[in-house]
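Peer 1: Structure incoming, see below.
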Amino acid sequence: MACGNRTLLRLLALTISFLIVVVIIVVVVTTPYLTTSGLYSTTQHAVFVTVTTVIATMLTMFITSQIQDLLLHQIDASFLP
């Protein structure tokens, strides 16, 4: 992979990480209302939790892979001239 693409992916991972922190802070500070008509039904709740979990897992895998790539690059750079 080209160096420019690596840098772009690392910046994307960093940006996503900061956005996740901002979302967590907003949820903690405010009271988010998920619907205007009240609580979710059991099915809606299950779908919401499932989709949120899948998205969080995908973002975690992406950010972790970028951190691993960065660490491997650092190790390679220390052993190779």
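Peer 1: Counting only residues that are loosely packed, with under 11 Cβ neighbours inside 10 Å and either touching a residue at least 60 places away in the same chain (Cβ under 8 Å) or under 25 Å from the mean Cα position of the chain (by Cα) (or both), how many does segment 47-81 have?
Peer 2: So the first thing to find is which residues in segment 47-81 are loosely packed, with under 11 Cβ neighbours inside 10 Å, and the list is 50-55, 57-58, 61, 68, 71-72, 74-81.
Subsequent filtering for residues that are either touching a residue at least 60 places away in the same chain (Cβ under 8 Å) or under 25 Å from the mean Cα position of the chain (by Cα) (or both) retains 50-55, 57-58, 61, 68, 71-72, 74-75.
Residues flagged as loosely packed, with under 11 Cβ neighbours inside 10 Å and either touching a residue at least 60 places away in the same chain (Cβ under 8 Å) or under 25 Å from the mean Cα position of the chain (by Cα) (or both) within segment 47-81 amount to 14.
Peer 1: Scanning for something outside any loop (DSSP other than H, G, I, E, B), under 19 Å from THR15 (Cβ atoms) and of a type in the set (A, V, I, L, M), does segment 65-80 turn up at least one residue?
Peer 2: Within segment 65-80, one or more residues are outside any loop (DSSP other than H, G, I, E, B), under 19 Å from THR15 (Cβ atoms) and of a type in the set (A, V, I, L, M).
Peer 1: Related question: Filter segment 37-46 for residues that are loosely packed, with under 10 Cβ neighbours inside 10 Å and part of a helix (DSSP H, G or I) and give the result. Break it down into steps so the answer makes sense when it comes.
Peer 2: Let us first name the residues in segment 37-46 that are loosely packed, with under 10 Cβ neighbours inside 10 Å, namely 37-39, 42-43.
Those that are loosely packed, with under 10 Cβ neighbours inside 10 Å and part of a helix (DSSP H, G or I): THR42, THR43.
Peer 1: Going through LEU12, LEU34 one at a time, which residue ends up being within 11 Å of the chain's Cα centre (by Cα), on the phi < 0 side of the Ramachandran plot and surrounded by 10 or more Cβ atoms within 10 Å (Cβ to Cβ)?
Peer 2: Details: LEU34 fails: within 11 Å of the chain's Cα centre (by Cα).
Every option except LEU12 fails the conditions.
Peer 1: How many of the residues making up segment 1-32 are among the β-branched types (Val, Ile, Thr) and touching a helix residue (DSSP H, G or I) at 6+ places or on another chain (Cβ under 8 Å)?
Peer 2: Initial filter on segment 1-32 (among the β-branched types (Val, Ile, Thr)): 7, 15-16, 20-31.
Filter once more, so that each one left must be touching a helix residue (DSSP H, G or I) at 6+ places or on another chain (Cβ under 8 Å): 16, 20.
Qualifying residue count, segment 1-32: 2.
Quick note: the coordinates plus some simple rules give every number you see, no bench work behind them. Source: prediction; values computed, not measured. Methodologically, a virtual Cβ is constructed for each residue, glycine included, from the backbone with ideal geometry; neighbour enumeration extends over all protein chains shown.
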